Amino acid sequence: MTFCEYKPGLEGIPAAQSSISCVDGTKGILEYRGIAIEELAQKSTFIETAYLLIWGKLPTLDELEDFETDIRLHRRIKYSIRDMMKCFPDRGHPMDALQTSVAALGLFYSRRALDDPIYIRGAVVRILAKIPTMVAAANSMRRGNDPIQPNDNLDYCANFLYMLTESKPDPLSAKVFDACLTLHAEHTMNASTFSAMVTASTLTDPYGVIASAVGTLAGPLHGGANEEVLLMLEEIGTVKNVRTYVENSITNKRKIMGFGHRVYKVKDPRATILQELAEQLFELKGHDEYYDIALELERVVEEELGSKGIYPNVDFYSGLVYRKLGIPQDLFTPIFAIARVAGWLAHWKEQLAENRIFRPAQIYTGLHEQTYIPIDER
Ligand code: SDX
């Protein structure tokens, strides 16, 4: 047996073969099934993009209509799931509520037939349909309110915004939110997708797969960074504090949230699009003073850390968009999850098609041939 070099964080080690998405981190290119993210964000919708990712091709009009209709029909969640969610603590983080609720779907839909295409499609539809409803319901219930029922007259994204506020979003807000979900839908072998694939490789049920991915996405080094960015902008407070904040962060080896990426050594193309979307919203709904801080932060970080390839990632501007849409800060990461479900499901399906359980090696650094010492002699 040959021993490979140990790479912390598996940096650069291929963990799978995949035809779902592709990143060129030096050119700043991201493609889903070969189509540039810029094109999808502008011309497609999240649901069409989810279809593309999961089924490997753009849908025909009929296929898209069927997919949308099925998802619309499955948006509601069972009373028992709502009753369970009512018992969640008001101050618990919505990502924990989401992870628990997704895992609970496995209790209610316990049939598992991973080699049955009808089962696979049903699970895909159910997960895509119910996750936004669960995020919105948990948000209402922690405020002591009844969940707002899905509105069958609204599409996927407009309906989610409606379930947060009980008012129909204006067309630009719904369009911008849809583009945000498209941008977050998939990103090769990131930590949560890897987690989903490891779980999928044991042939467990899809709710367990998605629950493990949600738990992985929640951390501040991954999807949790979008919420942390807003907290950081609040902490910085004004444009004139930016340089000191950056210098202190570098001195104290504190990571600047929303910057840096394992793969991108240039500005993340999704950050560029999200910045444009934020600007469109500011034009319609008024300026946000945090945007001035963000712009200065990007300028100073580039000056100080650009030579190390540290630039804004997807999480840097998304929070400013969601803030302008009136979305509470601690829902930013659950929204990332609503979008990334598409990618997780695509990888789940790809993993099942050619499954082998993940079982990497380790390099043991402990002792050998130790003697057991009885407790009264230690
Ligand atoms: C996402 O993988 C994906 O695709 C993820 C994602 C997706 O769509 O799924 O793109 C979504 O998770 C975006 C990342 C969100 N996280 C953050 O914004 C948190 C802040 N960023 C980092 O902690 C960091 O950049 C990571 C976690 C994103 C990447 O970590 P790596 O690849 O392990 O890099 P590293 O921490 O080892 O840093 C390498 C160097 C270090 O300097 P040196 O010790 O070599 O001198 O870069 C520096 C780091 O100190 N560095 C930073 C920095 N990020 C890296 N310095 C200051 N601020 C930062 N944000």
Next item on the list: Would you calculate the volume per residue, in Å³, of the smallest convex hull containing every Cα atom of the range 91-141?
Entry: 69 Å³
Next item on the list: Express the Stokes-Einstein translational diffusion coefficient of the range 210-336 in µm² s⁻¹, to the nearest whole number, given a Kirkwood radius over alpha-carbon pairs, 10 °C and a viscosity of 1.306 mPa s.
Entry: 107 µm²/s
Notebook entry, point to check: Hey, got the Cα dimensions of the range 29-123 along the principal axes, in Å, largest first?
Noted result: 43, 33, 22
Next item on the list: Go ahead and estimate [θ] at 222 nm for the chain from helices alone: -39,500 (n - 2.57) per DSSP H run with n ≥ 4, summed, over the residue count, rounded to 500.
Entry: -18000 deg cm²/dmol
Check: Could you give the Stokes-Einstein D for the range 119-248 in µm² per second, using the C-alpha Kirkwood radius, 20 °C, 1.002 mPa s?
Finding: 123 µm²/s
Item checked: Fewest-first sequence of W348, W55 by Cβ atoms within 10 Å of each Cβ -> W55, W348
Checklist line | Karplus-derived HN-Hα couplings along the range 23-38 (A = 6.51, B = -1.76, C = 1.60, θ = phi - 60°), whole Hz, x at Gly and Pro | finding: 10, 10, x, 8, 9, x, 10, 10, 10, 9, 6, x, 9, 4, 4, 4
Notebook entry, point to check: How much length is gained on full extension from A36 to K175, taking 0.36 nm per residue of separation minus their Cα-Cα distance?
Noted result: 48.2 nm
Next item on the list: Quote to one decimal, in nm, the extra length available between E5 and A353 on full extension: 0.36 nm per residue of separation minus the C-alpha distance between them.
Entry: 122.3 nm
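Count the net charge of all other residues whose Cβ sits under 13 Å from the Cβ of I29, scoring Lys and Arg as +1 and Asp and Glu as -1.
That sum, taken over residues with Cβ under 13 Å, equals -1.
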Notebook entry, point to check: Given the Cα-Cα distance of I250 and S19 and 0.36 nm per residue of separation, how much length would full extension add, in nm?
Noted result: 79.4 nm
Check: Which values of log₁₀ I(q)/I(0), to two decimal places, follow from the Debye formula for the chain at q = 0.09 Å⁻¹ with a uniform point scatterer at every Cα?
Finding: -0.54
Next item on the list: For a quick protection proxy, order the peptides 327-334, 260-267, 139-146 by their average other-Cβ count within 10 Å, most packed first.
Entry: 327-334, 260-267, 139-146
Margin query: Using alpha carbons only, how many angstrom separate the centre of the range 302-334 from the centre of the range 229-275?
Written below: 8 Å
Notebook entry, point to check: Using 1/(1 + (r/R0)^6) with R0 = 41 angstrom and r between the beta carbons of H93 and L367, what's the FRET efficiency to the nearest 0.05?
Noted result: 0.55
Next item on the list: Would you pull out the residues with amide H under 5 Å of F259's amide H, same chain only if 5 or more places away, H placed 1.01 Å from N?
Entry: N313
Checklist line | Lys, Arg +1 and Asp, Glu -1 on Cβ, resulting dipole of the range 225-324 about Cα centre, debye, nearest 20 | finding: 420 debye
Next item on the list: Decide, for the range 36-185, between rounded, prolate and oblate: order the square roots of the alpha carbon gyration tensor eigenvalues as a ≥ b ≥ c, take rounded if a/c falls under 1.5, and otherwise choose prolate if a/b is larger than b/c, else oblate.
Entry: oblate
Check: How would you order 284-296, 83-95, 189-201 from highest to lowest mean count of nearby Cβ atoms within 10 Å?
Finding: 189-201, 284-296, 83-95
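All of the numbers you see were taken from the coordinates with simple rules; none came from a lab. All of these numbers come straight from a predicted model, not from anything done at the bench. Backbone-built Cβ (ideal geometry, glycine too); neighbour counts: all protein chains shown.
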